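Asker: Before I ask anything, let me first share the structure, which is written out below as structure tokens.
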């Protein structure tokens, strides 16, 4: 691919890969190299946005330095308050693609699915494509039992009171039509942004699909997710969806 084509892709990509990061200095170089291999192998017209969520380590510095090597990479530093939801919304605001993919900075997401996401969103017209860990029994072996219980309960309540039959409502690794999601007026600041996107898309009539896949395990660093801290956000998103459902 010549420099002219690369420059055009950087200005007008099809895919914006949003990576919200809090203290992921150790993982970012490996993740960017993996994305580089994927983008080159499949000739994807993609940009990668690393959104630093006020990290205490050198996440932003590492990302900023890598911009010189990887032309598709953009390092963004958002201000306070912290929160993965705030970071994803910041990435959405700064994305230039037709669709976006949310990828965690901890190397647990099966990024090869980005190719399938592109087909579902751009070619087939879905508004939201989710990677589901619950379409096959072997794909949710890595999920802690307590999280499975919470996810099952949340999924059950959403099905009974909202009518949505999606099997993996909460997993952050997903793709969506950017113009569509910008119209949803997202409000979440934490991990509850994932079910907010799912439930609002469902209630507004957007087409949703699920793709079979398995989440990996974090090797370095610490997980930022604690249900005790995020549970209230999930509940808030759920009850707002129930109220919205009742209005329709």
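The values are calculated or read from the model by the stated rules, or taken from the named source; none is laboratory data. Values in this document were obtained by computation on a predicted structure and should not be read as measured data. With ideal geometry, Cβ positions are generated from the backbone for all residues, glycine too; neighbour counts draw on all protein chains shown.
Asker: Need the failing condition index for residue 23 against (1) touching a helix residue (DSSP H, G or I) at 6+ places or on another chain (Cβ under 8 Å); (2) surrounded by fewer than 16 Cβ atoms within 10 Å (Cβ to Cβ), just the number.
Answerer: (2)
Asker: If you go through the stretch 140-166, how many residues are on the phi > 0 side of the Ramachandran plot and surrounded by 14 or more Cβ atoms within 10 Å (Cβ to Cβ)?
Answerer: Looking only at that region, the number is 0.
Asker: Give just the number: which of (1) within 16 Å of the chain's Cα centre (by Cα); (2) over 20 Å from residue 191 (Cα atoms) does residue 22 not satisfy?
Answerer: Every condition holds for residue 22 apart from (2).
Asker: Filter the stretch 126-139 down to the residues that are more than 23 Å from residue 179 (Cβ to Cβ), touching a residue at least 60 places away in the same chain (Cβ under 8 Å) and either under 17 Å from the mean Cα position of the chain (by Cα) or buried (at least 18 other Cβ atoms within 10 Å of the Cβ) (or both) and list them by number.
Answerer: If the condition is that a residue be more than 23 Å from residue 179 (Cβ to Cβ), touching a residue at least 60 places away in the same chain (Cβ under 8 Å) and either under 17 Å from the mean Cα position of the chain (by Cα) or buried (at least 18 other Cβ atoms within 10 Å of the Cβ) (or both), then 132, 133, 139 are the ones that fit.
Asker: Mind listing just one residue for me: the one in the stretch 194-216 that is part of a helix (DSSP H, G or I) and in contact with a strand residue (DSSP E or B) (Cβ under 9 Å, 6 or more places away or on another chain) and, of those, surrounded by the most Cβ atoms within 10 Å (Cβ to Cβ)?
Answerer: It comes out as 197.
Asker: Further question on the same structure: Could you list, in sequence order, all residues of the stretch 61-101 that are under 24 Å from residue 232 (Cβ atoms) and out of contact with any helix residue (DSSP H, G or I) (no Cβ under 6 Å at 6 or more places or on another chain)?
Answerer: Those that are under 24 Å from residue 232 (Cβ atoms) and out of contact with any helix residue (DSSP H, G or I) (no Cβ under 6 Å at 6 or more places or on another chain): 79, 80, 81, 82, 83, 84, 86, 87, 89, 90, 91, 92.
Asker: Among (1) part of a loop (DSSP other than H, G, I, E, B); (2) at pLDDT 95 or above; (3) within 19 Å of the chain's Cα centre (by Cα); (4) surrounded by fewer than 14 Cβ atoms within 10 Å (Cβ to Cβ), where does residue 179 come up short?
Answerer: If we test residue 179 against (1) part of a loop (DSSP other than H, G, I, E, B); (2) at pLDDT 95 or above; (3) within 19 Å of the chain's Cα centre (by Cα); (4) surrounded by fewer than 14 Cβ atoms within 10 Å (Cβ to Cβ), just (1) comes out false.
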